[in-house]
Amino acid sequence: SIYELMGIDVHDSTRIDMKVQEIFAKAECDQSGYLTKDQFALACKNDRYIRKLLVPNTKAPSNR
């Protein structure tokens, strides 16, 4: 969904699948091997590429 919002082509799912696998590999699952929404959100927040997609580059206002 993030890729679609950013206008990135999602027809080749390989790129998306690789990113999802990477996030899940870095995320910390609970004792039973499950990943909560909060854990997934934290893993996405800690991913530099996903964070860059979610927070666009903005310039600080110039002091006049």
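The values are calculated or read from the model by the stated rules, or taken from the named source; none is laboratory data. Note that this is a predicted model, so its numbers are computed, not measured. Reconstructed Cβ throughout: ideal geometry from the backbone, glycine too, with neighbour counts over all protein chains shown.
Some points to look at:
- Positions within the range 1-28 being in a loop (DSSP other than H, G, I, E, B) and either surrounded by 12 or more Cβ atoms within 10 Å (Cβ to Cβ) or of a type in the set (A, V, I, L, M) (or both), in sequence order: M6, I8, V10, A27
- Residue count, the range 28-58 (criterion: modelled with pLDDT of 80 or more and more than 16 Å from S1 (Cβ to Cβ)): 8
- Taken over the range 29-50, the criterion of being at negative phi and part of a loop (DSSP other than H, G, I, E, B) is satisfied by C29, D30, Q31, S32, Y34, L35, T36, N46, D47.
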